[in-house]
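Structure first, commentary second.
The values are calculated or read from the model by the stated rules, or taken from the named source; none is laboratory data. The structure displayed is predicted, hence computed values, not measured ones. All accessible areas refer to the heavy atoms of the entire protein, side chains included, with ligands and DNA or RNA removed. Shrake-Rupley method; radii C 1.70, N 1.55, O 1.52, S 1.80 Å.
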Amino acid sequence: MVVGMRNPKDTLVSLYHFYCGDADLGCFKGTIGDFFELFKEKHLLFGDFFDFYLSWWNERHRENIMFVSFEDLNEKPKETIRALAKFLEKDISEDQLESLVKWGSFDNMSKQSTSSYNELVGQGGFQKKNAYMRKGSVGGWRGTF
């Protein structure tokens with residue numbers, strides 16, 4: 001099992017913008033403070049962020065569980081992909097590694113319809129371009145809080 005994680009503060013900001021841009025979630029109109037209250041009260045889709053990760057963290061000693069952070073993928077993608085390949089018992093060449101880094105970059109993925117969903121804007125789901133993939137940066141919470 002590979003468990004993807006992200007800084008909770010960045011996750012909150014990301015979820016806020018996601019909720020603001022998604023019609024299926026009501027295109028949230030409140031402030032980040034209002035959204036934080038919903039977050040704290042566990043009123044968001046898919047339940048509580050902390051409960052979810054704590055349940056996995058309690059199993060971290062198991063050989064078949066690996067944690068991968070969004071921050072590591074952004075800051076040191078090659079090392080993180082190498083570690084993931086080793087965990088999955090896959091050999092990858094340097095060319096494959098370069099290809100994976102390029103393919104998995106935010107810049108590339110945000111341009112792909114299979115990962116950005118921008119072609120769905122205005123069709124009942126996302127109401128804003130980049131509602132699904134907005135910035136892909138680390139530490140953006142500092143500009144919000």
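Order Ser110, Ser55, most accessible first, counting only protein heavy atoms with a 1.4 angstrom probe. Don't jump to the answer; show the numbers that get you there.
Working: Ser110 30, Ser55 65 Å².
From most exposed to least exposed: Ser55, Ser110.
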Distance check, please: which entries in Lys9/Lys78; Lys42/Lys78; Lys40/Lys86; Lys29/Lys76; Lys29/Lys102; Lys29/Lys78 exceed 31 angstrom between their Cα atoms? Lys42/Lys78; Lys40/Lys86; Lys29/Lys76; Lys29/Lys102; Lys29/Lys78
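Largest first, how would Thr80, Thr144 line up by accessible area (1.4 Å probe)? Could the numbers behind the result be given before it?
Details: Thr80 15, Thr144 55 Å².
My answer, sorted largest first, is Thr144, Thr80.
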Å³ per residue of the Cα convex hull, for region 21-67? 104
